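No lab work stands behind these numbers, since they all come straight from the coordinates. On a predicted model such as this, the values are computed, not experimentally measured, just so you know.
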Amino acid sequence: MEGLIAIAAAIAISISTIGPALGQGNTAAKAMEGMARQPEASGAIRTSMILALAFMEALTIYGLLIAIMIIGKI
């Protein structure tokens, strides 16, 4: 039973990490592209990018919280 709980925690953290990681990479790439095209708007783009990255990182932290709660069952 403890093995299944450990596997569930591993799946929870891995799935909750894959999506935000892909999203963060895509966001950073598009922000760099936007800054290269319009250097005068780089401040606004950077601010929006940091805010978006923070929201994406929150999803990963929620997955970590769920994994910790699952591990607490052992």
**Span from the the stretch 51-69 Cα centroid across to the the stretch 26-43 one, whole angstrom** = 25 Å
**Asked** Could you give the angle, 0 to 90 degrees to the nearest 10, between helix 2-37's Cα long axis and the longest principal axis of the Cα atoms of the chain?
**Response** 0 degrees
**Request:** Quick one: compute the contact order of the chain, relative version, from alpha carbon pairs under 8 angstrom and 6+ residues apart, as a percent.
**Result:** 58 percent
**Complete:** When the chain is treated as a Gaussian network with springs between alpha carbons less than 10 Å apart, the largest mean-square fluctuation among Gly23, Gly43, Gly63 is found at Gly43
